[in-house]
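Visitor: What follows is a structure written as C-alpha cells; I'll ask about it next.
The values are calculated or read from the model by the stated rules, or taken from the named source; none is laboratory data. Please read all numbers here as calculations on a predicted model, not as lab measurements. Here the Cβ positions follow ideal geometry from the backbone for every residue, glycine too, while neighbour counts run over all protein chains shown.
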C-alpha cells in the first residue's frame with residue numbers, strides 16, 4: 001500500500017505541469033452518461049481518481065490526452081500505479097473518456113476559499 | 001515551540017506521582033512490619049464513570065473487605081503490587097480466569113487507580129492501551145482470559161510491539177483445569193502464543209514471583225526500545241488466601257535510565273553533520289516524551305537541516321509547519337543522512353555507498369530485536385551505527401554539534417536554512433492549492449473534511465488521536481501540528497482495526513489534560529471494533545470520531561484492480577471482496593445503538609461545519625460523538 005501511495009503522490013506532483021503545457025484535445029465522441037456508469041460502477045476508476053475525477057490522483061480533470069491516446073494509455077499504462085485495462089471493449093473506454101471530458105473542473109482559486117486562505121495566512125504567520 | 005502544559009509535564013507529573021506512591025508505600029510497608037495487618041482498603045465515592053453503571057449503583061460504594069483471621073486473597077496483594085506501577089486504568093473484557101484479580105480491583109481497590117474500563121473485545125482493550133500509552137507517556141494495564149482472550153488481544157498486542165509501545169498485559173488461566181470450559185483456556189506455556197511480539201513474559205507461580213516479575217516487566221516495557229509485556233497468573237494463585245505474616249515484601253520500582261550512544265561515536269556523528277553541505281535528519285519513533293520533540297527542534301535549528309518525519313513510521317517528531325519540516329525541497333540532495341530510531345535505513349545506506357554519501361543511525365533498535373516478525377527491516381550498512389535511545393542521545397549530540405560550529409559554518413547553515421524554508425513554504429502552498437479540487441463536490445473531498453474540522457477547533461487545545469495512513473498528508477498540511485501531542489501516530493503494524501480503539505484510549509489520556517481529541521477513522525477500521533463506541537460512551541470519554549466513509553477497503557480495491565490488469569482477466573469485478581456497500585452501513589445509527597451522539601451520513605460539504613459544531617459541543621461537554629462523512633476514497 002505504501003509503494004502505491006508513493007507512486008500516486010509522484011504522479012500528482014507532475015500532472016499540473018503537464019496540463020499547463022498541453023493544448024486542449026479534440027472533443028470526445030462517446031456516450032458520457034454511459035461512461036459515468038462505467039467509471040463509477042463497472043471499472044471503478046473513482047477508487048484512485050475520485051468520483052469527480054479530480055480529488056484523487058492523478059487528477060483526470062481537465063483531461064488533456066486525446067481520445068486515442070487515452071484508450072492506448074489505459075490499455076497499457078506507463079506508470080506502475082495505474083492498473084492495465086486490457087479487455088474492456090473500446091466503446092467502453094471511449095464512453096469513459098467522454099464522461100471524464102464532461103466533468104466540470106470544480107476548483108475555485110485557493111485564495112478565494114476562506115478556509116484555505118485562512119490556512120495560508122496562519123502558515124505565513126506561524127514562522 | 002515551548003509547551004506549557006504538555007506531555008513532558010504530564011510525564012514528570014506521573015513520575016512524581018509514582019515517586020509519591022513509592023514513598024507512601026514504603027511508609028506503609030514500614031507500618032506493616034511494625035504491625036502485621038494490611039491497611040484497610042479505602043472507601044471511595046462513585047466516580048463520574050460509575051454514574052451510568054447500574055451494577056455499581058446498586059452495590060453502592062466499596063465497603064471494606066472483611067479481613068479473615070487467616071489473611072486475605074493473594075489477588076489483593078497483586079493489586080498492591082500493581083499500584084506500585086502507577087496504573088490509572090485497567091482495560092478488561094471479563095474472564096473467569098482472572099475473576100480473583102477482578103474482584104480485588106473492584107472491592108479491595110475500590111475501582112480506583114487503576115479504574116476498570118469495560119471493553120467489549122480484547123483487541124479493543126489492548127488497542128486502547130496502545131493509543132493511551134502514546135498519549136499518556138505510560139502504560140495501561142490490560143487483563144484478559146486464558147487462551148481465548150489472549151488470542152483475541154494478540155492482534156493489537158502485535159501492533160503495539162511493531163509500534164514500540166508499552167502495554168502491560170495480564171492473562172489469567174487455570175493451571176490445573178478440571179472442567180470442559182477451563183481445559184481449552186489453559187496452556188502449558190501461555191506466553192508462547194504471543195512471545196514473538198512481547199519483550200518479556202513470565203508465569204508467576206507465587207505471590208513473591210508475581211511482585212518481582214511485575215516490577216521487572218514494567219521496567220523492561222519502559223526501557224527503549226519499549227514494548228508490550230505479559231504476566232500469566234494462575235486463577236488458583238489469585239484466589240489463594242495469603243496470611244498476613246506470609247505477605248512478601250513488594251520491591252520498589254526502579255526506573256532505568258535509557259541507554260545513550262557511545263560518546264566517541266556521537267562526536268564523530270557531530271563531525272559528519274557539521275561538515276556536511278546538505279545534511280538531513282530523519283526522526284521516526286523518537287519522541288518517547290515531549291523532550292524528544294524539543295530536542296529535535298533544537299538539533300534541526302542548530303544545523304539548519306531539513307527534518308523529514310517520513311510517511312507512516314513516525315510519531316510526528318517535528319512541527320509540521322516549521323520551516324525546516326520536510327525533505328529540503330526537490331533539489332536538496334543529502335550528503336549526510338541521520339536516522340533517529342529509524343527501523344530500516346537499508347535503501348538509504350545502499351544508495352549512499354554508491355555515491356560517497358554518509359549515513360548514520362542512532363537507534364535503540366540496535367539493542368534488541370526478536371527474529372520472527374520482520375519489522376526490523378533489512379540489514380543497513382550505514383557508516384556509523386550508534387546503539388542507544390535517540391532521545392537520550394540527542395543532548396550530547398547537540399552539545400558536540402554546537403562545539404564544532406564555527407562562524408563560517410554558521411553562515412553556511414543560515415543560508416541553507418533560508419533555502420529550505422523557502423522550499424517548505426512553496427511545498428506547503430502547493431498542497432493547500434491542491435486542496436481546492438472538488439472543494440464543493442459530493443462525496444466530500446478529504447481535504448475539505450479536514451479543513452472544515454481545523455476551522456472548528458482553531459481555538460481549542462486539540463489532539464488528533466488517530467493515524468493518517470489513509471488521509472495522506474492532508475492532516476499535517478492543513479492542520480498545524482505545533483505541539484508534540486497534536487498527533488499520536490499510526491497503528492505500528494499496518495493492521496486495520498487500531499484507529500478506533502486507539503483513539504478512544506488516547507482520548508482518555510488527553511481528557512486529564514483537558515484536550516479536545518479527534519479521531520479520523522476509516523469505515524473499514526471502525527468495523528473491526530465498533531463495540532469500543534460503547535466503551536467511550538459508558539466511560540464518558542470525550543472524543544470526536546469522524547468516519548471517513550468511502551464504503552470500501554479502497555487500498556485493496558486499487559491493488560486488486562492492478563492484479564486483474566496485470567493478468568489480463570478483466571477489471572470489472574475487482575471490487576468483489578473489498579467493497580462495503582449494498583447495503584451501505586449507517587455508522588450514525590451504529591453509534592446511536594451504542595449510546596453515542598452521532599450525525600450522518602453527511603454527504604454535502606455545506607453541511608459539514610454545522611454537524612461538526614453540534615458534535616464538538618457534545619465533546620467539549622465531556623461526551624464522545626461521531627460524524628459519518630461520505631467522503632472521496634482518498
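Visitor: Conditions first: (1) touching a strand residue (DSSP E or B) at 6+ places or on another chain (Cβ under 8 Å); (2) more than 30 Å from residue A:123 (Cα to Cα); (3) modelled with pLDDT of 95 or more. Residue B:390 passes all but one, so which condition is the exception?
Guide: Residue B:390 satisfies all of (1) touching a strand residue (DSSP E or B) at 6+ places or on another chain (Cβ under 8 Å); (2) more than 30 Å from residue A:123 (Cα to Cα); (3) modelled with pLDDT of 95 or more except (2).
Visitor: Filtering the range B:540-562 down to residues that are facing chain A (nearest Cβ under 8 Å) and at pLDDT 90 or above, which residue is surrounded by the fewest Cβ atoms within 10 Å (Cβ to Cβ)? Break it down into steps so the answer makes sense when it comes.
Guide: Looking only at the range B:540-562, we keep the residues that are facing chain A (nearest Cβ under 8 Å), and these are B:552, B:554-555, B:557-559, B:561-562.
Now restrict to residues that are at pLDDT 90 or above: B:552, B:559, B:561-562.
Working: B:552: 21, B:559: 17, B:561: 23, B:562: 20.
Taking the candidates together, the pick is B:559.
Visitor: Just checking, how many residues over the range B:599-634 are within 14 Å of chain A (Cβ to nearest Cβ) and assigned to a loop (DSSP other than H, G, I, E, B)?
Guide: 5
Visitor: Another question, if that's okay. Could you tell me whether the range A:45-61 includes any residue that is touching a helix residue (DSSP H, G or I) at 6+ places or on another chain (Cβ under 7 Å), over 28 Å from residue B:579 (Cβ atoms) and surrounded by fewer than 23 Cβ atoms within 10 Å (Cβ to Cβ)?
Guide: No, because not a single residue in the range A:45-61 is touching a helix residue (DSSP H, G or I) at 6+ places or on another chain (Cβ under 7 Å), over 28 Å from residue B:579 (Cβ atoms) and surrounded by fewer than 23 Cβ atoms within 10 Å (Cβ to Cβ).
Visitor: In addition: Just to check your reading of the model, which residue among B:98, B:87 is in a loop (DSSP other than H, G, I, E, B) and either modelled with pLDDT of 95 or more or crowded, with 21+ Cβ neighbours inside 10 Å (or both)? Spell out the reasoning first.
Guide: Numbers: B:98 fails: in a loop (DSSP other than H, G, I, E, B).
That would be B:87, the only listed residue that is in a loop (DSSP other than H, G, I, E, B) and either modelled with pLDDT of 95 or more or crowded, with 21+ Cβ neighbours inside 10 Å (or both).
Visitor: From the list A:73, A:97, pick out the single residue that is out of contact with any helix residue (DSSP H, G or I) (no Cβ under 9 Å at 6 or more places or on another chain) and either surrounded by 15 or more Cβ atoms within 10 Å (Cβ to Cβ) or facing another protein chain (nearest Cβ under 9 Å) (or both). Show your work before the answer.
Guide: On the way: A:97 fails: out of contact with any helix residue (DSSP H, G or I) (no Cβ under 9 Å at 6 or more places or on another chain).
Going through A:73, A:97 in turn, just one is out of contact with any helix residue (DSSP H, G or I) (no Cβ under 9 Å at 6 or more places or on another chain) and either surrounded by 15 or more Cβ atoms within 10 Å (Cβ to Cβ) or facing another protein chain (nearest Cβ under 9 Å) (or both): A:73.
Visitor: Tell me whether the range B:537-546 contains one or more residues that are closer than 21 Å to residue B:633 by Cβ and not assigned by TED's automatic domain parsing to the domain that holds residue B:115.
Guide: If we filter the range B:537-546 for residues that are closer than 21 Å to residue B:633 by Cβ, which is where we start, we get B:545-546.
If we keep only those that are not assigned by TED's automatic domain parsing to the domain that holds residue B:115 too, we end up with B:545-546.
Checked the range B:537-546: at least one residue is closer than 21 Å to residue B:633 by Cβ and not assigned by TED's automatic domain parsing to the domain that holds residue B:115.
Visitor: If residue B:298 satisfies all but one of (1) within 25 Å of residue B:411 (Cα to Cα); (2) assigned to a loop (DSSP other than H, G, I, E, B), what's the number of the condition it fails?
Guide: Of the numbered conditions (1) within 25 Å of residue B:411 (Cα to Cα); (2) assigned to a loop (DSSP other than H, G, I, E, B), the odd one out for residue B:298 is (2).
Visitor: On to the next question. Would you call residue A:111 free of Cβ contacts under 8 Å to residues at least 60 places away in the same chain, out of contact with any strand residue (DSSP E or B) (no Cβ under 9 Å at 6 or more places or on another chain) and either more than 30 Å from residue B:605 (Cα to Cα) or within 8 Å of chain B (Cβ to nearest Cβ) (or both)? Spell out how you get there, then give the answer.
Guide: Working: free of Cβ contacts under 8 Å to residues at least 60 places away in the same chain: yes; out of contact with any strand residue (DSSP E or B) (no Cβ under 9 Å at 6 or more places or on another chain): yes; either more than 30 Å from residue B:605 (Cα to Cα) or within 8 Å of chain B (Cβ to nearest Cβ) (or both): no.
Taking the combined requirement at face value, the residue does not satisfy it.
Visitor: Looking at the structure I just gave you, is residue A:86 touching a helix residue (DSSP H, G or I) at 6+ places or on another chain (Cβ under 7 Å), within 11 Å of chain B (Cβ to nearest Cβ) and either loosely packed, with under 13 Cβ neighbours inside 10 Å or in contact (Cβ under 8 Å) with a residue 24 or more places away in the chain (or both)? If you could, list the steps in order and put the result at the bottom.
Guide: Working: touching a helix residue (DSSP H, G or I) at 6+ places or on another chain (Cβ under 7 Å): yes; within 11 Å of chain B (Cβ to nearest Cβ): yes; either loosely packed, with under 13 Cβ neighbours inside 10 Å or in contact (Cβ under 8 Å) with a residue 24 or more places away in the chain (or both): no.
Against the criterion (touching a helix residue (DSSP H, G or I) at 6+ places or on another chain (Cβ under 7 Å), within 11 Å of chain B (Cβ to nearest Cβ) and either loosely packed, with under 13 Cβ neighbours inside 10 Å or in contact (Cβ under 8 Å) with a residue 24 or more places away in the chain (or both)), residue A:86 does not qualify.
Visitor: For the subset of the range B:400-424 comprising residues that are crowded, with 18+ Cβ neighbours inside 10 Å and within 12 Å of chain A (Cβ to nearest Cβ), which member is nearest to residue B:298 (Cα to Cα)?
Guide: Only one residue tops the list, namely B:417.
Visitor: On the basis of being away from every other protein chain (no Cβ under 14 Å) and out of contact with any helix residue (DSSP H, G or I) (no Cβ under 6 Å at 6 or more places or on another chain), does residue B:482 make the cut? Steps first, please.
Guide: Values: away from every other protein chain (no Cβ under 14 Å): no; out of contact with any helix residue (DSSP H, G or I) (no Cβ under 6 Å at 6 or more places or on another chain): yes.
The answer is no for residue B:482.
Visitor: How many residues does the range B:402-442 hold that are touching a helix residue (DSSP H, G or I) at 6+ places or on another chain (Cβ under 9 Å) and over 26 Å from residue B:330 (Cα atoms)?
Guide: Matching residues across the range B:402-442 total 10.
Visitor: Go through the range B:448-463 and report how many residues are free of Cβ contacts under 8 Å to residues at least 60 places away in the same chain and out of contact with any strand residue (DSSP E or B) (no Cβ under 7 Å at 6 or more places or on another chain).
Guide: Matching residues across the range B:448-463 total 4.
Visitor: Which residues, counting only those in the range B:256-295, are part of a helix (DSSP H, G or I), under 23 Å from the mean Cα position of the chain (by Cα) and closer than 17 Å to residue B:306 by Cα?
Guide: Initially, the range B:256-295 is screened for residues part of a helix (DSSP H, G or I), giving B:263-275, B:290-295.
This time we only want the ones that are under 23 Å from the mean Cα position of the chain (by Cα), so: B:290-295.
Residues satisfying the conditions are B:292, B:293, B:294, B:295.
Visitor: Still on this structure: Restricting attention to the range B:338-350, does a residue exist that is more than 30 Å from residue B:220 (Cα to Cα), assigned by TED's automatic domain parsing to the domain that holds residue B:279 and surrounded by fewer than 19 Cβ atoms within 10 Å (Cβ to Cβ)?
Guide: Residues of the range B:338-350 that are more than 30 Å from residue B:220 (Cα to Cα), as a first pass: B:347-350.
Filter once more, keeping what is assigned by TED's automatic domain parsing to the domain that holds residue B:279: B:347-350.
Remaining after also requiring surrounded by fewer than 19 Cβ atoms within 10 Å (Cβ to Cβ): B:347, B:350.
Within the range B:338-350, one or more residues are more than 30 Å from residue B:220 (Cα to Cα), assigned by TED's automatic domain parsing to the domain that holds residue B:279 and surrounded by fewer than 19 Cβ atoms within 10 Å (Cβ to Cβ).
Visitor: Still on this structure, please answer the following. So which residues in the range B:310-325 are more than 13 Å from chain A (Cβ to nearest Cβ) and farther than 16 Å from residue B:298 by Cβ? Full working, then the answer.
Guide: As a first pass, look at the range B:310-325 and keep what is more than 13 Å from chain A (Cβ to nearest Cβ): B:314-318.
Hits for the range B:310-325 are B:314, B:315, B:316.
Visitor: May I ask you to say which residue of B:466, B:445 is touching a residue at least 12 places away in the same chain (Cβ under 8 Å), within 8 Å of another protein chain (Cβ to nearest Cβ), buried (at least 20 other Cβ atoms within 10 Å of the Cβ) and in contact with a strand residue (DSSP E or B) (Cβ under 9 Å, 6 or more places away or on another chain)?
Guide: Details: B:466 fails: within 8 Å of another protein chain (Cβ to nearest Cβ).
Matching residue, one of B:466, B:445: B:445.
Visitor: Take the range B:130-158 and flag every residue that is within 21 Å of residue B:292 (Cβ to Cβ) and assigned to a helix (DSSP H, G or I).
Guide: B:130, B:131, B:132, B:133, B:134, B:135, B:136
Visitor: Of all residues in the range B:563-598, which are facing chain A (nearest Cβ under 10 Å) and surrounded by 15 or more Cβ atoms within 10 Å (Cβ to Cβ)?
Guide: First, pick out the residues of the range B:563-598 that are facing chain A (nearest Cβ under 10 Å): B:563-575, B:578-579.
Correct list: B:564, B:565, B:571, B:572, B:574, B:575, B:578, B:579.
Visitor: Tally time: how many residues in the range B:280-292 are farther than 13 Å from residue B:325 by Cα and in contact with a helix residue (DSSP H, G or I) (Cβ under 8 Å, 6 or more places away or on another chain)?
Guide: Of the range B:280-292, the ones farther than 13 Å from residue B:325 by Cα are B:284-292.
Next, from what is left, pick out any that are in contact with a helix residue (DSSP H, G or I) (Cβ under 8 Å, 6 or more places away or on another chain): B:286-292.
Selection size over the range B:280-292: 7.
Visitor: What are the residues in the range B:228-255 that are buried (at least 17 other Cβ atoms within 10 Å of the Cβ) and part of a strand (DSSP E or B), if any?
Guide: Result: B:229, B:230, B:231, B:232, B:233, B:234, B:242.
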